[in-house]
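The values are calculated or read from the model by the stated rules, or taken from the named source; none is laboratory data. In this text, all values refer to a predicted model and were calculated from it rather than measured experimentally. Every residue, glycine among them, receives a Cβ derived from its backbone with ideal geometry; neighbour counts consider all protein chains shown. Just the protein is used for accessible areas: all its heavy atoms, side chains included, with ligands, DNA and RNA removed. Shrake-Rupley method; radii C 1.70, N 1.55, O 1.52, S 1.80 Å.
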Amino acid sequence: MLKKTLLFTLIFVLICSVLLENFAYADNFNLKSKSAILMDANTGKVLYEKNSHEELPPASVTKVMTMLLVIEALDSGKIKTTDKVVTSEHAYDMGGTQIYLEVGEEMTVDDLLKSVAMNSANDASVALAEYISGSEEKFVEEMNKRAKELGAKNTNFKNASGLPEDGHYTSVYDMALISRELVKHKNVFKYLTDKIDSVRNGKFSLANTNKLLWNYQGADGIKTGSTSEALYCLSATAKRGDTRFIAVVFGAPDSATRFKEASKLLDYGFANFETKKVVEAGKVYGNIKVLKGQQDYVNAISQNDEYILLKKGESKNIKQIVSLNKYVDAPVKAGSEIGTVKIYDGNNLIKTVSLIADKSVKRTNLINTFEKIYKSWVKNTKSL
């Protein structure tokens, strides 16, 4: 009986200690913002959250999604940075922060995107939306479609700028997902990190609204926003080494608080966690024999960089084991799985990454067989 009592007491103490630790962890942040989240950009793991799924107006942080669709259009070749965009009357009519586009004025995609990222220009956002989709309404449909594809379940955009509108909302969790997708595009950082610039041949100055760029180590994005309804919002990211975190805060009471609380979340991330790259995109992890193929081997590669998130000081026991198919039968399709890399923390499997064929190999035919025989004969003859 005494042993059972001691056992129950021990379990109770352990449960209480965990609860108190979690309570202290949350209480130590003491955030004034309505909602907040800290996410590891490489793995998507959430390290802190407060009201993370609450639907709130995001103000101009909306433009993170706008910029994502613009960058994706650039990367796909649909548009180019040098394209000239003609300002419509609808874009001209935008209120709030703007670069004061005139109806019929032409400006490059590059300058418009710069104006969105740095100056949070509503007119530039709408001009880009219309150029990509034909109308802002159609562009908003694409915004919501893309949000759903990324797993955003508490998001409904009504415009491309973030100006107040009934039914226009998202959550800090959803915005972290969207921000995470945006920072995968390396070419966006030239817009996000630029502190001071100009458009119209230097006649209109731009100053980046993200003050963390000036005073937070590793800060390189993303977007601020504020309205009387949304209060002060921010999606911020910073990178040190391979480790990148995203902090999103909505509904801060003032501008200084949004930057302070985002910094507090980022500080927590960098102080306690680190990202380790365990698989490198494009690296050859081995080659596999192709039976009855026009080529004898294919290389096993990873399609993407793969990371794991660890508490600092816990990376000593990480190891990887590469497993490859002994052979594959032709035809082989590029991208088909031909092996794996398994990541272990000690004896615990924590991640499995697929390795794929780096090229397609057609099945051999009679002509190809004779060519192989002939080349082999020539090679052997030369070696005699």
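Quick rundown of the values:
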item: Pair list, Cβ under 9 Å, 6 or more apart: the range 158-187 residue at positive phi and open to solvent by less than 10 Å² (accessible area, probe 1.4 Å), other residue β-branched (V, I, T) and assigned to a loop (DSSP other than H, G, I, E, B); result: none
item: Filtered residues of the range 308-335 (kept if surrounded by 13 or more Cβ atoms within 10 Å (Cβ to Cβ) and hydrophobic (A, V, I, L, M, F, W, C)); result: I308, L309, L310, I318, V322, L324, V328, A330, V332
item: The one condition in (1) modelled with pLDDT of 95 or more; (2) surrounded by 15 or more Cβ atoms within 10 Å (Cβ to Cβ) that D254 fails to fulfil; result: (2)
item: Residue match in the range 228-241 (condition: surrounded by fewer than 19 Cβ atoms within 10 Å (Cβ to Cβ), assigned by the TED database to the domain that holds M67 and in a strand (DSSP E or B)); result: yes
item: The range 344-356, subset crowded, with 16+ Cβ neighbours inside 10 Å and more than 30 Å from D296 (Cβ to Cβ), residue farthest from the chain's Cα centre (by Cα); result: D345
item: Matching residues in the range 92-139 - criterion: being among the aromatic types (F, W, Y) and either at pLDDT below 95 or under 28 Å from the mean Cα position of the chain (by Cα) (or both); result: Y131, F139
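Residues are listed down the side, and each one gets a yes or a no for (1) over 16 Å from V61 (Cα atoms); (2) outside any loop (DSSP other than H, G, I, E, B); (3) without any contact (Cβ under 8 Å) to a residue 60 or more places away in the chain; (4) open to solvent by less than 40 Å² (accessible area, probe 1.4 Å):
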| residue | (1), (2), (3), (4) |
| --- | --- |
| E72 | yes, yes, no, no |
| D75 | yes, yes, no, no |
| K78 | yes, no, yes, no |
| M107 | yes, yes, no, yes |
| K114 | no, yes, no, yes |
| D123 | no, yes, yes, yes |
